[in-house]
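To start, the structure under review is shown below, and the notes come after it.
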Amino acid sequence: MASIFNASNSLFLCLILVSISQFLVINCTEFRVGGRNGWVVPTSKDSDEMYNQWASQNRFKIDDTIHFKYDKDSVMMVSEGEYEKCKSDRPLFFENNGNTTYKFERPGMFYFISGVSGHCTRGQKMVIKVLDIEPIIAQSPQSANETASIAHSKATQMDAISVTVFTLFVLSFIGMVYV
């Protein structure tokens, strides 16, 4: 009887540790820059801040990624001064393959501009602030095109939590039976 009790206790402890580890998983998000339109030159005169408005509607954290989708253009990450001038001879990051993904590995301010002459001055530029926050389960509201993805993610997390709680309940009951 004692060996069954020790095995139950060990199994119970392992399941508790696995359950706790689910809360420590970092939730990363991939954002599509500009939503449905992607990384394009803004068309209207009042859209100089189009990408900054998009960025302000999202919450970025370490390990999140941003995805730039574009045709015949490029993406450059630059210093704040280069962002203001809309020009960089030595960008911190550059790609022009039409399908660029950038991963945030630190908190802070990130400045992006188009590398095509004239595009930045017409509003194709963006500042993103990456927060230094602890991993969280519930995410803040995101842009409309990401809401469904987040809802699915939350439902999956709730399913995992429900299964864990149920498993712990069953194991607790089994442990009480053998005591």
>> Can you give me the solvent accessible area of Cys28 with a 1.4 Å probe, rounded to the nearest 10 Å²?
In response: 70 Å²
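Which of the residue pairs Lys69/Lys125; Lys72/Lys103; Lys87/Lys125 have a Cα-Cα distance greater than 19 Å in the structure shown?
Numbers: Lys69/Lys125 14 Å; Lys72/Lys103 22 Å; Lys87/Lys125 11 Å.
Flagged as over cut-off: Lys72/Lys103.
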> With every protein chain in place, what's the accessible area of Val41 (1.4 Å probe, Å², nearest 10)?
Replying inline: 30 Å²
> Tell me, what is the FRET efficiency for Thr43 and Glu80 to the nearest 0.05, using R0 = 25 angstrom and their Cβ-Cβ distance as r?
Replying inline: 0.40
> Considering only protein heavy atoms, what is the solvent-accessible area of Ser44 at a probe of 1.4 Å, reported in Å² to the nearest 10?
Replying inline: 50 Å²
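The values are calculated or read from the model by the stated rules, or taken from the named source; none is laboratory data. Since the structure is predicted, the reported quantities are computational estimates derived from the model, not experimental observations. Cβ atoms come from the backbone with ideal geometry, glycine included; neighbour counts cover every protein chain shown. Each accessible area value is taken on the protein alone, full model and side chains, heavy atoms only, with ligands, DNA and RNA left out. Shrake-Rupley method; radii C 1.70, N 1.55, O 1.52, S 1.80 Å.
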